[in-house]
1. Beta carbons within 10 angstrom, averaged per residue: use that to sort the peptides 232-245, 284-297, highest first.
2. How would you order 334-346, 377-389, 191-203, 258-270 from highest to lowest mean count of nearby Cβ atoms within 10 Å?
3. How do the peptides 478-484, 544-550, 403-409, 466-472 rank, highest first, by the average count of neighbouring beta carbon atoms within 10 Å per residue?
4. What shape does the chain take by its C-alpha gyration tensor, where a ≥ b ≥ c are the square roots of the eigenvalues and a/c under 1.5 counts as rounded, a/b above b/c as prolate, and the rest as oblate?
5. What span do the alpha-carbon atoms of segment 134-226 cover on each of the three principal axes, reported in whole Å from largest to smallest?
6. Read phi for every residue in segment 521-538 and hand back ³J(HN,Hα) as whole Hz from Karplus 6.51 cos²θ - 1.76 cosθ + 1.60, θ = phi - 60°, with x for Gly and Pro.
7. How large is the charge dipole for the chain, taken about the Cα centre, if only the Cβ atoms of Lys, Arg (+1) and Asp, Glu (-1) carry charge, to the nearest 20 debye?
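Rule-based calculations on the coordinates, nothing more; no lab input. No experiment lies behind these values; they were computed from the predicted model shown. Cβ: placed from backbone, ideal geometry, glycine included. Neighbour counts: every protein chain shown.
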Amino acid sequence: MRIPREVVEAIKDRCDIVDLIGSYVTLRRAGSNYNGPCPFHSERTPSFTVFPDSQSFFCFGCEAGGDAFTFIMRSENLDYPNAIEFLAKRTGVDIPRTAEEEKRGLSRKRVYEMNLIAARFFRECLFDPVLGREGMAYLQEKRGLSVPVIRRFGLGFAPNDFTALVTVLKKEGYSEQEMKEAFLCGISQKSGRAYDYFRNRIMFPVIDTTGNVVAFSGRDVGGDSKAKYLNSSDTPGFQKRKHLYALNFAKNHCTDELILCEGNMDVVALHAAGFENAVASLGTALTDDHARIMAKYTKQVILAYDSDEAGQRAAHRAMGIFAKVGLDVRILQMRDAKDPDEFIKKFGADRFRQLLKQSRTGFDFKLQTVLSRHDIAIPDEKIKAANELCEIIARVYSSAEREVYITAVADKLGLSTESLKGDVDRNRSKQAKAGRQQDSRHAQLSAMNLGDKINPEAAGSVQAAAAEETIIGLLLLYAEHRKAVSSRLVSLASENFVTSFHRRAFEAIMVLEQSDGGFEFSLLGEYFTPEEMGRLAKLEQKRRVLTENGTPVLRGAVETLIAAKEKKEVKEASTMDGLQMLLAGKRKNIKKNTEED
Ligand SMILES: [Zn+2]
């Protein structure tokens with residue numbers, strides 16, 4: 001998709017990066033820039049900086065960086081065109097659409113329209129005394145749901161019929177291809193005919209926060225189907241890893257906390273019992289995207305996962321994911337019920353409310369897990385438990401919190417707080433030392449360009465890569481250097497580059513430079529991932545703070561690069577079967593060139 005440059009420029013005119021990023025994280029002025037906690041990695045000292053002058057940001061901790069578009073790509077998890085759309089909406093800029101985009105936009109719109117028709121059809125079937133008898137019996141008798149709740153969630157029933165929905169949608173003018181794209185039908189490989197995907201299932205429409213029916217989750221009632229739940233796969237209007245079931249309702253009731261369950265049925269049961277802040281992920285384990293979305297709506301998540309071992313393992317995993325986005329997590333522990341739905345049915349809403357109040361903090365949960373693994377009546381086991389717990393407490397940042405936990409453990413194990421505190425402190429200094437070692441290893445590696453995921457080739461050609469960095473930084477920053485290269489005043493071409501990441505950067509910069517309107521940093525988003533954009537922002541930033549950025553620096557870097565590349569080729573030729581290697585390389589180049597022709 002080609003983004004009209006005018007749109008990007010209009011957005012940049014109207015969008016101030018400090019306001020934009022300030023609406024995601026708390027920024028503090030620091031000289032002419034702003035600092036804040038990085039939204040992309042967890043850190044204790046803010047190394048995330050926003051530069052109003054260049055309308056850019058950079059994190060010295062995780063090297064995320066770029067402009068407003070890169071920021072939105074990363075924090076909203078959007079691709080470049082959608083990030084532009086997002087900011088266009090926010091700033092009130094219109095995006096003129098090409099015919100192809102109209103078509104693509106239409107396909108998403110048509111998916112939603114088809115879904116809406118399907119949802120109505122499923123609902124009619126559920127309320128049909130004959131077709132929906134089995135489904136209705138299941139919901140009312142087995143699940144104890146009332147008609148108002150069934151209606152509120154728009155529940156429906158997909159009849160046990162291969163062509164029921166396909167026929168309805170065809171009548172409405174949708175093609176089989178469209179239905180397939182919307183994950184409403186499959187096409188039989190044998191007969192080539194379309195067949196209903198969802199059959200003999202209770203249907204839960206998934207509604208996004210703007211009210212579109214984006215997908216379906218179907219629960220088997222016949223019992224003969226392989227999968228208990230069948231969920232829509234990703235479609236042009238739906239991505240599993242980013243959607244939460246019932247967030248459309250819960251978003252208005254969750255400033256204090258969200259309850260995260262495993263299944264749709266739990267969510268419906270909780271809402272019906274008055275807990276309107278319950279959501280579930282859809283046929284997928286919790287993702288970082290889910291956690292980030294939740295963090296937008298609430299401060300605390302209560303995990304109401306199933307009480308079986310798999311559920312508890314999933315809870316452990318989820319805690320780690322939530323910690324990354326800074327959400328406070330508590331864990332609900334149900335006894336004598338396998339999930340929230342069953343618990344409420346057995347013991348009622350009030351008991352569940354009590355359970356919520358007693359939900360354990362992450363530490364309580366870990367404490368209990370450790371205690372369940374060791375029999376503390378045996379001295380050896382008690383020591384093991386104490387050691388494990390001290391190590392966990394040592395990782396807690398706040399000293400007040402550590403003190404509370406130490407007291408709790410001392411109490412549980414019958415040990416003195418002093419001895420535990422000593423152990424925790426020893427663990428802390430051990431961890432700090434390990435951390436420092438890791439940091440310095442990391443610094444060493446990055447000085448040697450090893451472990452560089454964005455430009456792995458840099459490790460093999462340190463000198464050339466460094467010269468390339470200078471060149472890219474200068475070209476990103478100064479129009480005069482881009483002109484010098486495009487007018488051949490400074491002789492530099494793609495072939496001169498050693499690492500393919502820098503070569504791509506060079507090519508993209510020059511393509512934009514020679515296009516109507518010239519180079520614009522924000523337009524690079526079309527060619528690079530947000531991580532790569534971060535690297536480009538870093539290279540730009542690195543040059544920006546230097547005083548010497550004139551033509552001699554550029555020429556010097558180009559000379560260094562060319563010399564380093566020759567040296568590298570000669571070295572490779574002499575170390576590895578000499579000439580042959582060089583020849584093979586040349587042949588490959590020739591072949592590549594002819595292919596490109
Ligand atoms: Zn960071």
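1. Working: 232-245: 19.8, 284-297: 18.2.
Highest to lowest by the protection proxy: 232-245, 284-297.
2. Values: 334-346: 17.6, 377-389: 14.7, 191-203: 19.5, 258-270: 25.5.
Answer by packing, highest mean first, reads 258-270, 191-203, 334-346, 377-389.
3. Descending mean neighbour count gives 466-472, 403-409, 478-484, 544-550.
4. Values: a/c = 2.13, a/b = 1.30, b/c = 1.64.
Oblate is the answer for the chain, as a/c is 1.5 or above yet b/c matches or exceeds a/b.
5. 41, 36, 22
6. 3, 4, 6, 5, x, 5, 9, 10, 6, x, 5, 5, 4, x, 5, 4, 4, 5
7. On the way: 87 positive and 83 negative charges, 134 e Å.
Around 640 debye, computed over the chain.
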